[in-house]
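The values are calculated or read from the model by the stated rules, or taken from the named source; none is laboratory data. Just so we're clear, the structure is a prediction, and the values are computed from it rather than from any experiment. Cβ coordinates were reconstructed from backbone atoms using ideal geometry, including for glycine residues, and neighbour counts include every protein chain displayed.
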Amino acid sequence: MKKGEQRKQELLKLAYRMFIEKGYENTSIDEIVAKAGIAKGTYYYYFASKEATLEAVIEMMIEKESAVAKGILQAPLSIPEKLVAVVNAFRPEKEEVVITDVLERKENIVMHDKICKKIVEVAVPILAEIVKEGIAQGVFACTLIEERVKMLLVTSQHM
C-alpha cells in the first residue's frame with residue numbers, strides 16, 4: 001500500500017472510531033484533524049467533506065462485512081444457515097448503528113441510496129453462490145439466480 005493510501009486508511013479508521021464513540025453529528029473535522037495530528041488541508045486532500053468521510057467509512061464497513069460473508073461460503077453450514085449468516089453479516093454491528101442511523105435522515109437520501117446499491121452489488125454474487133450450491137443439493141430449483149437474489153435484496157432493503 002502506498003504511503004498516501006495508508007494515511008487515508010488511518011484517517012478513515014480514526015473517523016470510524018470517533019463516529020462510534022461520539023456519534024457522527026458530534027464529531028467535527030477539527031477534532032478528527034487534531035486527533036490525527038495533521039493539518040486541515042491534509043484532511044481535505046483525502047476527503048472533500050465530512051459527508052465524504054462518512055461515505056468512505058460506510059464503504060469500509062461494507063468491505064469488512066463482505067469479507068465475513070465470503071468466509072461463510074466455506075463454512076460447513078446448511079444452505080438455510082448460510083443464507084441467514086450472510087444476510088446477518090451485512091448488518092451493522094451494534095456499535096455501528098450510530099453511524100448508519102445518519103443515513104436514515106431525509107437529507108441523506110442520496111447517500112442512503114448509493115450505499116444500498118453498493119450493498120446489493122457486493123452481496124448478490126455471494127448470495128448467488130449459496131443459491132447455486134442449494135440448487136446442486138436439490139434445496140432450490142430456479143433460474144435467473146442473480147436477478148432473483150437482487151430482487152429479494154432490493155425489496156428487503158425497503159421493508
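A quick yes/no check of all residues on (1) of a type in the set (Lys, Arg); (2) not in a helix (DSSP H, G or I):
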residue: ALA69; (1), (2): no, no
residue: VAL86; (1), (2): no, no
residue: ASP113; (1), (2): no, no
residue: ILE135; (1), (2): no, no
residue: VAL139; (1), (2): no, yes
residue: ARG148; (1), (2): yes, no
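Residue-by-condition table, conditions (1) modelled with pLDDT under 90; (2) under 12 Å from the mean Cα position of the chain (by Cα); (3) over 21 Å from MET61 (Cβ atoms):
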residue: VAL86; (1), (2), (3): no, no, no
residue: ASP101; (1), (2), (3): yes, no, no
residue: ILE109; (1), (2), (3): yes, no, no
residue: PRO125; (1), (2), (3): no, no, no
residue: VAL131; (1), (2), (3): no, no, yes
residue: ILE135; (1), (2), (3): no, no, yes
residue: VAL139; (1), (2), (3): no, no, yes
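If we keep just the residues of the range 1-26 that are in contact with a helix residue (DSSP H, G or I) (Cβ under 7 Å, 6 or more places away or on another chain) and free of Cβ contacts under 8 Å to residues at least 24 places away in the same chain, which is nearest to VAL97 (Cα to Cα)? The residue in question is MET18.
Can you name every residue in the range 27-46 that is of a type in the set (D, E, K, R) and closer than 24 Å to ASP101 by Cβ?
ASP30, GLU31, LYS35
Picking from residues in the range 10-40 that are closer than 11 Å to VAL57 by Cβ and of a type outside the set (A, V, I, L, M), the one that is surrounded by the most Cβ atoms within 10 Å (Cβ to Cβ) is PHE19. Give the range 109-159 a look and list any residue that's surrounded by fewer than 12 Cβ atoms within 10 Å (Cβ to Cβ) and either among the hydroxyl-bearing types (Ser, Thr, Tyr) or touching a residue at least 40 places away in the same chain (Cβ under 8 Å) (or both), or say none. Within the range 109-159, GLN137, THR143, THR155, SER156 qualify.
Here is the figure for the range 79-108: residues that are over 21 Å from TYR16 (Cα atoms) and surrounded by 12 or more Cβ atoms within 10 Å (Cβ to Cβ) total 8.
Each residue in the range 65-107 was checked for being of a type in the set (Gly, Ala, Ser) and touching a residue at least 60 places away in the same chain (Cβ under 8 Å), and 1 of them qualify.
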